[in-house]
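Values quoted throughout were computed directly from the atomic coordinates according to the rules given, and no laboratory measurement underlies them. Here the structure is a predicted model, which is why all the values come from computation and not from measurement. When we count neighbours, we look across all protein chains shown, and the Cβ atoms used for this are built from the backbone with ideal geometry, even at glycine.
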């Protein structure tokens, strides 16, 4: 398990990596609090901390660089919060050295038709405060066979989240493997989110995602199930765009794929590859890096394999340093 201490000798590899000076104050504070708190654990639980995860709350961050990480916790995805918790210090310490004002909000997505906790959400936080936030989530493991309530989550972000200082569309990463209910019922919005709008009918989930993706740099990171272009891909393509669906090849490296997309967009991909090389084999780093390097981290458009130097995406006009 990764720790908040900056010493990489505890990493799952050779550990010859040094964080940069940016973000060092936050990392040092987190390490100090971690030493007082004791060993990190994500113990088995019987439910979430409902005082923290209730989706009826409205949240706001003043950070110019907010990030939302959402995880489908139904069925086979239920263990993923623990996987992310294991890598939480790595996730924050790595990205916060690129943007020291980073704040993260976590969400767990279920099925409002059958689950007791169909949507769990935290507030935005940074550093060691993220321990309590992420640790409050519970991998319920319920859900129907498919689809799940991704639309309810999109509606929550659109109506309950404020990011007034974001200077560019902030990242919203969704880890999942299923389609979504095409409609989000008004009854579920009232029961789960606490929003009562009797004059409105049910909400179109695809419309909610399409509007959300105009304000957030949204990605669906799909675990290794199904095949490209199947019914799950087709529905998500309508929701957020075909190019924003990223098929993960190794689900144990899911957090690395997310960090890689963000590091690439922020101009720190070379440093991030050095970070990975301190933890994984060159072959594994190449396996993770290659598909990220061949897409635009803003719009997901393909980048020619022979592109080099300063490259301008023909789809969204983002300038990249390759």
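Over the range 240-322, what is the relative contact order in whole percent, taking alpha-carbon pairs under 8 Å and six or more residues apart? Mind showing how you got there, number by number?
On the way: 70 pairs, mean separation 20.5, N = 83.
In percent, rounded to a whole number, it is 25.
Using 1/(1 + (r/R0)^6) with R0 = 25 angstrom and r between the beta carbons of residue 57 and residue 167, what's the FRET efficiency to the nearest 0.05? Please list the in-between numbers first.
Numbers: r = 25 Å, r/R0 = 1.00.
My answer for the efficiency is 0.50.
For the chain, what relative contact order do you get, as a whole percent, if you take Cα pairs closer than 8 Å and at least 6 residues apart?
Averaging sequence separation for qualifying contacts and normalising by length gives 17 percent for the chain.
What percent antiparallel are the DSSP beta bridges of the chain, to the nearest 5?
On the way: 10 of 35 bridges.
Given both bridge residues lie in the chain, the antiparallel proportion sits at roughly 30 percent.
What does the C-alpha gyration tensor say about the overall shape of the range 259-322? Classify as rounded when a/c is under 1.5, otherwise prolate if a/b is larger than b/c, or oblate. Could you put the intermediate results ahead of the total?
On the way: a/c = 2.19, a/b = 1.89, b/c = 1.16.
Cα axes put the range 259-322 in the prolate bin.
Quick one: order 299, 313 by neighbouring beta-carbon count within 10 Å, fewest to most. Walk me through the intermediate numbers first.
Numbers: 299 16, 313 19.
In increasing order of surrounding Cβ atoms, one gets 299, 313.
From the helices alone, meaning DSSP H stretches of at least four residues, give me the mean residue ellipticity at 222 nm for the chain, per-run term -39500 (n - 2.57), in deg cm²/dmol to the nearest 500. Walk me through the intermediate numbers first.
Numbers: 11 runs with 103 residues, N = 322.
Rounded to the nearest 500, it is -9000 deg cm²/dmol.
According to a simple spin-label model (label point 7 Å from Cα along Cα-to-Cβ), what is the distance in nm between residue 49 and residue 234?
Placing both labels 7 Å beyond Cα along the Cβ direction yields 4.4 nm.
Hey, could you pull the Cα Rg and Dmax for the range 165-322, both in Å?
For the range 165-322, the Cα radius of gyration and maximum Cα-Cα distance read 17.6, 57 Å.
In units of 2.2 N^0.38 Å, what is the alpha-carbon radius of gyration of the range 18-130?
Working: Rg = 15.1 Å, N = 113, 2.2 N^0.38 = 13.3 Å.
Rg over 2.2 N^0.38 Å, computed on Cα atoms: 1.14.
How much of the DSSP bridge set in the range 49-143 is antiparallel, in percent, rounded to the nearest 5? Before the final figure, lay out each step's value.
Working: 4 of 12 bridges.
Of the beta bridges lying entirely in the range 49-143, close to 35 percent run antiparallel.
At a Förster radius of 22 Å, what calculated FRET efficiency corresponds to the Cβ-Cβ distance of residue 22 and residue 270, to the nearest 0.05? Don't jump to the answer; show the numbers that get you there.
Values: r = 15 Å, r/R0 = 0.70.
With R0 = 22 Å, the Cβ-Cβ based efficiency is 0.90.
Let me test this: with uniform point scatterers at the alpha carbons of the chain, what is the Debye-based log₁₀ I(q)/I(0) at q = 0.11 1/Å?
The Debye formula, applied to the Cα set alone, gives -0.67.
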